[in-house]
1. Once phi is turned into θ = phi - 60°, what whole-Hz ³J(HN,Hα) does the Karplus curve with 6.51, -1.76 and 1.60 give for every residue of region 168-178, x standing for Gly and Pro?
2. Karplus couplings for region 126-139 from phi (6.51 cos²θ - 1.76 cosθ + 1.60, θ = phi - 60°), rounded to Hz, Gly and Pro as x?
3. What do you get for the angle between helix 211-223 and the principal long axis of the chain? Use alpha-carbon atoms, 0 to 90 degrees, nearest ten.
4. Between Asn149 and Thr128, what is the label-point separation in nm under the 7 Å Cα-to-beta-carbon projection?
5. Calculate, for Asp185 and Cys219, the FRET efficiency according to 1/(1 + (r/R0)^6) with r their C-beta to C-beta distance and R0 22 Å; round to the nearest 0.05.
6. If you place +1 on the Cβ of every Lys and Arg, -1 on the Cβ of every Asp and Glu, and leave all else neutral, what size is the dipole of region 95-134 about its Cα centre, to the nearest 20 Debye?
7. Rounded to the nearest 10 degrees, what's the angle between the helix 184-205 long axis and the longest principal axis of the chain, both from Cα atoms, 0 to 90?
8. Using amide H atoms built 1.01 Å from N in the peptide plane, name the residues 5+ places from Glu160, or on other chains, whose amide H lies under 5 Å from its own.
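Laboratory data are not the source of any read-out in this text; all were calculated from the coordinates shown. Keep in mind that this is a model prediction, so the values were computed, not measured. Positions of Cβ are generated from backbone atoms using ideal geometry, with glycine treated the same way; all protein chains shown enter the neighbour counts.
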Amino acid sequence: MLAASRRWRAQGLTVGLVPTMGALHAGHLSLIEAARAENAITVVSIFVNPIQFGPSEDFARYPRDPAHDADLLNGAGVDAVYRPSVDVMYPPGSNTRVHVSGVADSLEGAARPGHFEGVATVVSKLFTAVEPDRAYFGQKDAQQAAVVNRLGRDLDFPIEIRVCPTVREADGLALSSRNAYLGPDERRAAVSLSSALGLAATAYAAGERRPEQLRKVLCERLAAESLVQVEYAEVVDPETFTPPGSLAVLAVRIGKTRLIDNHDLSKVFPG
């Protein structure tokens, strides 16, 4: 991968990287489209990263569909697919981990200990393997994007980090590979996340700025769904992920499925 990337760049071609864990959907395709628009070469990596999953999380059952991924990528104009094995990424005796302090400590970082350490480590290795000019991440994973931005700045990676808008279903549900876990009733209940964000954006547009009141708007809408268990609902600064701020962030469980979503309340909610 690195040899190919260096050949392209020696020819004066720019390289865009879209890191994924497979189970590709329209959200990933939007990242690929953005990468293709800004670079001569687009690389997609597919790697289900074991070290970003906790011991009781869904690594073993995380959706994997290589044939479907290949079909999507073949039609998406991708120049290369990087699919390293676990042994390549983490050879025996590999113990080094990358820890990003501050932005990685709250919310997802607190709810999933070690998760962002796993993310920062694998992103560092992907950046080293591909040496892209730009890398593309989705806004749906807003805290992950903030962690990667901080990682790039602090470790001097000469890579532009692009964060692209969340892609949603027609009813507002943010696209996620984990949506495949949802049963019909759970799928209907999952719309409460985007609905709560929309209500909070409306309150913000009407002049509400008190974090506790915005949080109340979020929680009341989520509580209206009996299948939804709220892990957190907060309004934070989009760079530090601490209050105060304008970014509403949610994490809930619906049955056995954990979903996250977010929206900058200073902007009109789509749809």
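1. Rounded to whole hertz, the list is 10, 5, 4, 8, x, 5, 5, 5, 7, 4, 6.
2. 5, 4, 5, 6, 9, 6, x, 7, 9, 10, 10, 10, x, 5
3. 90 degrees
4. Once both label points are built, they end up 2.6 nm from each other.
5. So the FRET efficiency works out to roughly 0.55.
6. The dipole magnitude comes to about 100 debye.
7. With rounding to tens, the tilt is 80 degrees.
8. Here Arg134, Ala135 satisfy the definition.
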